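Engineer: Take a look at this one; I'll ask things after.
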Amino acid sequence: MNTYLLYAHKDWVNVENYFDHQSIVQDLGLKTLFSAAAKGVVKENGEVKTITDADPYLYDIMKRVMIVPLTTEEEIYYRQSVLQDCIDNEEFIVRLYECAGTILHRWDQLGRRANEKAGNLNTATGLVTDIRVLSLFVSGLGQIKKLLTEYHEKFRSEGLTNLYQRICEEFSDEVEEEMNTILKNISFYVDDTEEQGDRKTMKKPKIVLGCGISGGLKFDDFVLQEVSTDVKKYRDPKSTIGKVQNYMYSLTPDSVSANKNTPIQENTSALEYQIVRYITSCCAPFTARFNSFFDQLHLQAAFYRGAVNLKHHLKRFNVDSCFPTVGAQDVLKFNDLKEFVMCIEQRVNAVGNTCDIRNKMLLIVTGANQGGKSTFLRSIGIAQVMMQCGLPVAAVSYQSGIFPSFFTHFTRREDSEMNSGRLDEELGRMSQIIDNLGNASLILLNESFATTTEKEGSVIAYDIIKALNEAGVKILTVTHLLSFAQKVYGETEEAAKEGRASDVEFFCAQRMENGKRTFKMIQHAPELTSFGLDLYNELIKER
């Protein structure tokens with residue numbers, strides 16, 4: 001059975017990550033989001049009471065799912081609708097995640113983690129394990145079906161509605177009853193005795209075989225007519241009542257006691273084993289049908305559980321959030337977009353930015369040092385990743401195209417692992433990006449090629465970015481290479497004079513006349529300075 005909560009027509013198999021997802025995680029600080037998603041928010045009277053310890057499995061799943069981009073508008077909206085159901089019915093997704101996790105934990109205790117099969121066809125111990133695994137599947141599916149039945153009328157998403165319908169079809173009440181009957185009938189093989197209230201009971205097998213008699217008075221044509229478990233009050237065979245009971249059984253007409261006859265006892269045990277093994281083998285298709293279901297359910301429920309946690313963390317810091325809408329690739333439109341990682345790490349409601357860029361494939365951001373340019377770029381990158389995995393973003397509204405081929409190229413601090421100069425390292429990473437561009441590519445460049453002189457860096461940046469732009473790659477770049485920015489701006493002005501449209505937009509970090517940074521980005525021609533003296537004067541004042 002398929003889960004189909006992350007995708008409409010497939011489970012989490014054969015997925016494809018962003019090419020250089022390690023750089024995306026590092027440059028955008030996504031580990032902070034993975035960690036936040038792993039921590040639940042406990043509220044009391046509407047106020048945050050405590051934050052739970054991180055769930056390692058939630059962290060791992062968010063890390064795995066967020067670096068796999070959805071590639072179509074339908075996939076994004078499908079996942080958004082499932083997540084909206086989970087947000088509206090948070091108790092449901094919490095219980096579903098915990099239920100699937102409990103089932104897998106119990107399955108692990110039966111040997112699954114050690115790469116063992118559910119049972120060993122050649123041993124009685126293996127057969128007992130098979131029966132217990134079958135019982136776990138039946139009870140687990142019953143719990144999940146009960147949970148889905150409890151909430152299904154509240155579901156609006158195709159994903160959860162279809163999951164409920166599938167489990168009702170593939171594990172119908174009739175199938176559930178039949179499987180429980182089978183387990184009840186062969187329960188004698190698993191437990192000889194059990195406690196029922198304040199008394200102990202004993203399970204005895206009842207096996208009825210029909211057969212014919214052939215030449216030489218030999219039995220043949222055996223037919224299994226009945227297998228069941230009789231439950232009787234337990235009597236200690238050494239007690240007086242037990243001895244009397246055994247004596248009375250020995251006087252029963254047309255019966256033979258196996259207790260005092262070793263060959264008969266061995267043959268009886270072998271017969272019980274073969275019959276129960278035959279019955280469990282008939283249930284093998286049922287077990288196979290749900291063999292991967294619980295793993296997929298736990299994984300996919302974990303993503304939505306983590307996503308709900310992220311929603312709570314947005315609310316913690318009074319950050320507006322929305323589900324993004326998909327637009328054309330030359331559109332980037334958002335209202336009050338905030339850098340989500342900064343909000344979590346600094347526990348603040350950060351400054352947001354707004355823009356409406358249409359018919360543009362290159363955005364160049366310049367302006368004052370410490371003006372929020374890199375934060376602005378990261379906020380877009382984080383929102384893009386979250387949009388492309390079906391998550392809400394930290395904005396009042398957000399619209400962008402889909403870019404499965406998404407790259408970040410941020411400057412790196414020099415460290416002992418570098419085997420060459422910083423410029424060589426930057427050019428090497430850029431070469432890798434160019435070699436792996438796809439049909440829908442987006443590159444975020446943050447202070448790229450600033451590790452050499454301004455003149456040389458501007459030439460390199462112009463040649464590379466110009467070529468990528470002409471090849472249809474969308475580029476968002478933050479730069480202090482003013483010669484580069486001025487040259488591109490001059491070309492756009494020349495195009496405007498000639499009546500040609502330009503697909504380049506320029507933003508600038510806003511700076512007040514007194515040097516104060518607002519951390520807002522505004523549409524503006526490239527500045528001729530980065531206002532480094534502002535920082536120098538601030539240091540002088542502090543002294």
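The values are calculated or read from the model by the stated rules, or taken from the named source; none is laboratory data. Because the structure is predicted, anything quoted here is derived from the model rather than measured. A quick note on method: Cβ atoms are made from the backbone with ideal geometry, for glycine too, and the neighbour counts reach across all protein chains shown.
Engineer: Which residues, counting only those in region 290-308, are part of a helix (DSSP H, G or I) and either at pLDDT below 95 or more than 24 Å from Ser400 (Cβ to Cβ) (or both)? Even if it seems obvious, please write down each step before you answer.
Structural biologist: Residues of region 290-308 part of a helix (DSSP H, G or I): 293-308.
Residues satisfying the conditions are Phe293, Phe294, Asp295, Gln296, Leu297, His298, Leu299, Gln300, Ala301, Ala302, Arg305.
Engineer: Which numbered condition trips up Glu425, out of (1) farther than 26 Å from Gln329 by Cα; (2) at pLDDT 90 or above; (3) more than 37 Å from the chain's Cα centre (by Cα)?
Structural biologist: For Glu425, the failing item is (3).
Engineer: Another one. Does Glu494 satisfy the condition of being of a type in the set (Asp, Glu) and assigned to a helix (DSSP H, G or I)? It would help to see each step written out before you state the result.
Structural biologist: Working: of a type in the set (Asp, Glu): yes; assigned to a helix (DSSP H, G or I): yes.
Criteria met by Glu494.
Per-residue answers, yes or no, for (1) charged (D, E, K, R); (2) more than 30 Å from Ser379 (Cβ to Cβ):
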residue: Leu297; (1), (2): no, yes
residue: Asn309; (1), (2): no, no
residue: Phe323; (1), (2): no, no
residue: Asp336; (1), (2): yes, no
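Engineer: With respect to Ala485, determine if the residue is touching a residue at least 60 places away in the same chain (Cβ under 8 Å), farther than 27 Å from Gly371 by Cα and not hydroxyl-bearing (Ser, Thr, Tyr). Full working, then the answer.
Structural biologist: Working: touching a residue at least 60 places away in the same chain (Cβ under 8 Å): yes; farther than 27 Å from Gly371 by Cα: no; not hydroxyl-bearing (Ser, Thr, Tyr): yes.
Spelling it out, it is not the case that Ala485 is touching a residue at least 60 places away in the same chain (Cβ under 8 Å), farther than 27 Å from Gly371 by Cα and not hydroxyl-bearing (Ser, Thr, Tyr).
Engineer: Tell me which residues, restricted to region 309-327, are among the charged types (D, E, K, R) and either crowded, with 21+ Cβ neighbours inside 10 Å or part of a loop (DSSP other than H, G, I, E, B) (or both). Full working, then the answer.
Structural biologist: Going residue by residue through region 309-327, those that are among the charged types (D, E, K, R) are 311, 315-316, 320.
Of everything in region 309-327, just one residue is among the charged types (D, E, K, R) and either crowded, with 21+ Cβ neighbours inside 10 Å or part of a loop (DSSP other than H, G, I, E, B) (or both), namely Asp320.
Engineer: From the residues in region 4-55 that are assigned by TED's automatic domain parsing to the domain that holds Asn162, in contact with a Gly (Cβ under 9 Å, 6 or more places away or on another chain) and small (Gly, Ala, Ser), which one is surrounded by the most Cβ atoms within 10 Å (Cβ to Cβ)?
Structural biologist: Ala37
Engineer: Of (1) surrounded by fewer than 19 Cβ atoms within 10 Å (Cβ to Cβ); (2) hydrophobic (A, V, I, L, M, F, W, C); (3) modelled with pLDDT of 95 or more, Leu148 satisfies all except one. Which?
Structural biologist: Tallying (1) surrounded by fewer than 19 Cβ atoms within 10 Å (Cβ to Cβ); (2) hydrophobic (A, V, I, L, M, F, W, C); (3) modelled with pLDDT of 95 or more, Leu148 fails exactly one: (1).
Engineer: Please state which of the following conditions Cys86 fails to meet, knowing it meets all the rest: (1) over 12 Å from Cys389 (Cβ atoms); (2) over 14 Å from the mean Cα position of the chain (by Cα).
Structural biologist: (2)
Engineer: Looking at Glu178, Glu194, which one is under 46 Å from the mean Cα position of the chain (by Cα), surrounded by 11 or more Cβ atoms within 10 Å (Cβ to Cβ), at pLDDT below 75 and not basic (Lys, Arg)? Walk me through how you get there before you give the answer.
Structural biologist: Working: Glu178 fails: at pLDDT below 75.
Only one candidate qualifies: Glu194.
Engineer: Identify all residues within region 285-301 that are small (Gly, Ala, Ser) and surrounded by 13 or more Cβ atoms within 10 Å (Cβ to Cβ); write none if there are none.
Structural biologist: Keep residues of region 285-301 that are small (Gly, Ala, Ser), which gives 288, 292, 301.
The answer is Ser292, Ala301.
Engineer: Would you check if Ala501 is modelled with pLDDT under 95 and surrounded by 14 or more Cβ atoms within 10 Å (Cβ to Cβ)?
Structural biologist: Numbers: modelled with pLDDT under 95: yes; surrounded by 14 or more Cβ atoms within 10 Å (Cβ to Cβ): no.
No, not satisfied.
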